[in-house]
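Worksheet: the structure to be examined is printed underneath.
The values are calculated or read from the model by the stated rules, or taken from the named source; none is laboratory data. The shown structure was predicted, so the numbers you read here are calculated from the model rather than taken from an experiment. Methodologically, a virtual Cβ is constructed for each residue, glycine included, from the backbone with ideal geometry; neighbour enumeration extends over all protein chains shown.
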Amino acid sequence: MPRYADFYRQSIDDRDAFWSEQSRLIEWQTPPRQICDYSNPPFAQWFVGGRTNLCHNALDRHLARRARQPALVAISTETGTERSYSFAELHAEVQHMAAVLRCLGVKKGDRVLIYLPMIAEAVFAMLACVRIGALHSVVFGGFASGSLAARIEDAEPVLVVSADAGSRAGKVVPYKPLLDAAIAQSKHKPAAVLMVDRGLAEMPLQPGRDHEWALLREQQLGAVVPCEWVESTHPSYTLYTSGTTGRPKGVQRDTGGYTVALAASMKHIFSVADDGAAPAGVFFTTSDIGWVVGHGYIIYGPLIAGMTTILYEGLPMRPDAGVWWSIVEKYRVTHMFSAPTALRVLKKHDPQWFGKYSVKSLKALWLAGEPLDAPTAQWISDALQVPVIDNYWQTETGWPILTLANGVEPQVSRFGSPGKAMYGYQIKLIDDTSGQELTSPGHKGVIAIEGPLPPGCMQTLWRDDARFVDTYWKSLAGRLIYNTFDWGLRDADGYHFILGRTDDVINVAGHRLGTREIEECIAAHPQIAEVAVVGVADALKGQQAMAFAVARDSAALDSDAARLKLEGEVMKQVDSQLGAVARPSRVHFVSALPKTRSGKLLRRTLQAIAEHRDPGDLSTMEDPAALQQVRELAGR
Ligand code: ATP
Ligand code: MG
């Protein structure tokens, strides 16, 4: 086994040879003639001249040996259903869907907007799109009609695929009225709408425009729709970023680079050994298909690796906080991927649930999306007794930037750090005042990546090359570097620490502090389940930190005295660990923090309310009611 340091070096110093080797992990109809064309920076073209298909690599190529192995298990604790599809069955369903898409006029290069809950049909639709060379644009099911309208206008889909309803905590959320309102609001009108009827809500069809999936599927039973071989650089999909820092950006991804990057990540990062015959394992990602993690690691990555993937509709604590572990036990899940946010929710529940189910099949738990504080990492690793591996990336990159490549060389997690630079990513830390690269360890700076971005990363922003260049790229000593807008540092061993977003850096009397540092310190208090820290304008100091925290046992905070006592303890903890400059002016206790649908803390919203400003765009927010308490406490 090569040492990771050598593996990494080769990926940078001998880039084309490295990625040429990785490209052999997938099947090509025509192999690429050039590995990387970076003649027009920052636009990188990967595997130029190659022709392949994402759906072929996820399904068709496995049929010879895995036809009967389960490919997809769709579990819903909302509707109490479980459906399992073998590779052969999924292949058949995807062809039904592809035939229906074609009948509805979808052609190569067209966009299809997918507005569906976490049901198997969402997987059919995504795979069917890439099968015929159409681009999917998945929007979180149940997103407000205004946000949906904006995405319809931007993507200009010829077709929208939706369903009668989603369900959350047992409550039906009808989608059709939201969709109809969004289309009415949008300047662009899709020619057709394909509706999946789950029997949950009314679904009035508009004649001429709306069609029912079950009926059209019936007409296509047994349809054979071969994969359309597309150029490696043909876009596979567009997807919006979470919108944590402002207006979401429409990320456009290619086909060949993405397929290779996912295949390589399954091998090197998730240590999936595919000998082509034995089941490669069971992957359970507790994310949503509306988020980049859902694209890569519910659907494409595991299927490319020939694994069984689990699609879960439901909450982590319903019917009880043991539901995930019951799934792990029942399906012998080998790889699990989740988000720190969800774990912090579970942390508030009784730990007895861990002992109830056997999680022996699990090899590791990967987490991404938000900083993973060391106490939460320690807590879950003690409870599960498996390695817990953080990974840091973005919608823009499509696969991890920082983590551990345990498939190359087993390494030990350092809690609080997402790990090392992944192969292909030439990470730089930039001093945000001087604009210069920080080379010695321990200095805080902006995390940047020297171009070209490796395969799998964004090609551009959808129909907006200028915004792509202006938003992300800057020149450093004559070379173009990509800005992640995250702030961090690297230690002497190459482990990185994320200190917060560059937008969230607080400046208290000339001291620059990452909100993350203060959050990490507060989260270490045993009574705190979750915390968000923001900088609030202060006449004297420039800015002051303010904290919003969720207590593990909120019932114990039923009096002013109890709240003040805990607030005092938290402040003292910050004082002793980070110093008085970092001490928050207030610690407000709330029952929920505002988050995006992908589970990210909306610090900008908290900050706006605390500074008595308009919180601005709330369209990507999970639950606007979470702001009520914040307004009452901090908005006065
Ligand atoms: P927008 O770009 O629209 O403001 P967003 O950045 O939240 O939204 P995503 O692409 O979903 O959209 O999230 C990527 C960001 O999430 C990263 O830039 C980083 O701030 C944060 N993040 C992801 N994983 C981790 C992690 N393991 N540790 C710390 N932060 C993480
Ligand atoms: Mg971002």
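Within region 364-374, can one find any residue that is surrounded by fewer than 18 Cβ atoms within 10 Å (Cβ to Cβ) and either at pLDDT below 95 or within 16 Å of ligand 2 (Cβ to nearest atom) (or both)? Looking for residues that are surrounded by fewer than 18 Cβ atoms within 10 Å (Cβ to Cβ) and either at pLDDT below 95 or within 16 Å of ligand 2 (Cβ to nearest atom) (or both), one finds at least one in region 364-374, hence yes.
Considered as a group, the residues in region 361-388 that are closer than 17 Å to ALA321 by Cβ and of a type in the set (Val, Ile, Thr) include one that is nearest to ligand 1 (Cβ to nearest atom), and that residue is THR376.
The set of residues in region 236-267 that are of a type outside the set (A, V, I, L, M), more than 16 Å from ligand 2 (Cβ to nearest atom) and crowded, with 21+ Cβ neighbours inside 10 Å comprises SER236, TYR237, ASP254, THR255, GLY256, GLY257, TYR258, THR259, SER265. Is at least one residue of region 578-593 of a type outside the set (D, E, K, R), touching a residue at least 24 places away in the same chain (Cβ under 8 Å), part of a loop (DSSP other than H, G, I, E, B) and surrounded by fewer than 16 Cβ atoms within 10 Å (Cβ to Cβ)? Within region 578-593, one or more residues are of a type outside the set (D, E, K, R), touching a residue at least 24 places away in the same chain (Cβ under 8 Å), part of a loop (DSSP other than H, G, I, E, B) and surrounded by fewer than 16 Cβ atoms within 10 Å (Cβ to Cβ).
The strands (runs of 3 or more DSSP E) found entirely in region 184-252 that carry 1 or more residues being among the hydrophobic types (A, V, I, L, M, F, W, C) are 192-196, 237-240. From the list SER265, SER287, the lone residue that is in a loop (DSSP other than H, G, I, E, B) and either closer than 18 Å to THR403 by Cβ or among the basic types (Lys, Arg) (or both) is SER287.
Scanning region 294-331 for residues that are over 18 Å from VAL130 (Cβ atoms), in contact (Cβ under 8 Å) with a residue 60 or more places away in the chain and not in a strand (DSSP E or B) yields a total of 7. Where strands (runs of 3 or more DSSP E) fall entirely within region 102-173, those with at least 1 residues that are touching a His at 6+ places or on another chain (Cβ under 6 Å) and within 19 Å of LEU239 (Cβ to Cβ) are at 111-115. Filtering region 599-636 to residues that are part of a loop (DSSP other than H, G, I, E, B), of a type in the set (Asp, Glu) and over 25 Å from the mean Cα position of the chain (by Cα) leaves GLU611, ASP614.
For region 455-497, the set of residues classified as touching a His at 6+ places or on another chain (Cβ under 9 Å) and basic (Lys, Arg) consists of ARG490 only.
Of all residues in region 210-227, those that are under 30 Å from PRO177 (Cβ atoms) have Cβ atoms under 7 Å from Cβ atoms of residues that are assigned to a loop (DSSP other than H, G, I, E, B), 6 or more apart or on another chain, in HIS211/LEU104; GLU212/ASP197; GLU212/LEU205; ALA214/ASP197.
In this entry, GLY535 is excluded by the filter for residues that are within 18 Å of LYS428 (Cβ to Cβ) and buried (at least 19 other Cβ atoms within 10 Å of the Cβ). Quick check: is even one residue across region 515-535 in the same structural domain as VAL587 (by TED's automatic domain parsing), away from ligand 1 (no atom under 12 Å from the Cβ), part of a strand (DSSP E or B) and out of contact with any Lys or Arg (no Cβ under 8 Å at 6 or more places or on another chain)? Within region 515-535, one or more residues are in the same structural domain as VAL587 (by TED's automatic domain parsing), away from ligand 1 (no atom under 12 Å from the Cβ), part of a strand (DSSP E or B) and out of contact with any Lys or Arg (no Cβ under 8 Å at 6 or more places or on another chain). Hey, does region 382-398 have a residue that's surrounded by fewer than 24 Cβ atoms within 10 Å (Cβ to Cβ) and on the phi > 0 side of the Ramachandran plot? Scanning region 382-398, I find at least one residue that is surrounded by fewer than 24 Cβ atoms within 10 Å (Cβ to Cβ) and on the phi > 0 side of the Ramachandran plot, so the answer is yes.
Please state which one of ASP254, ASP274 is at pLDDT below 95, outside the structural domain of VAL100 (by TED's automatic domain parsing), more than 16 Å from ligand 1 (Cβ to nearest atom) and touching a Gly at 6+ places or on another chain (Cβ under 9 Å). Checking each option against the conditions leaves just ASP274. Comparison of SER413, SER358, SER417 shows that the only residue that is closer than 20 Å to ASP320 by Cα and either at pLDDT 95 or above or within 13 Å of ligand 1 (Cβ to nearest atom) (or both) is SER358.
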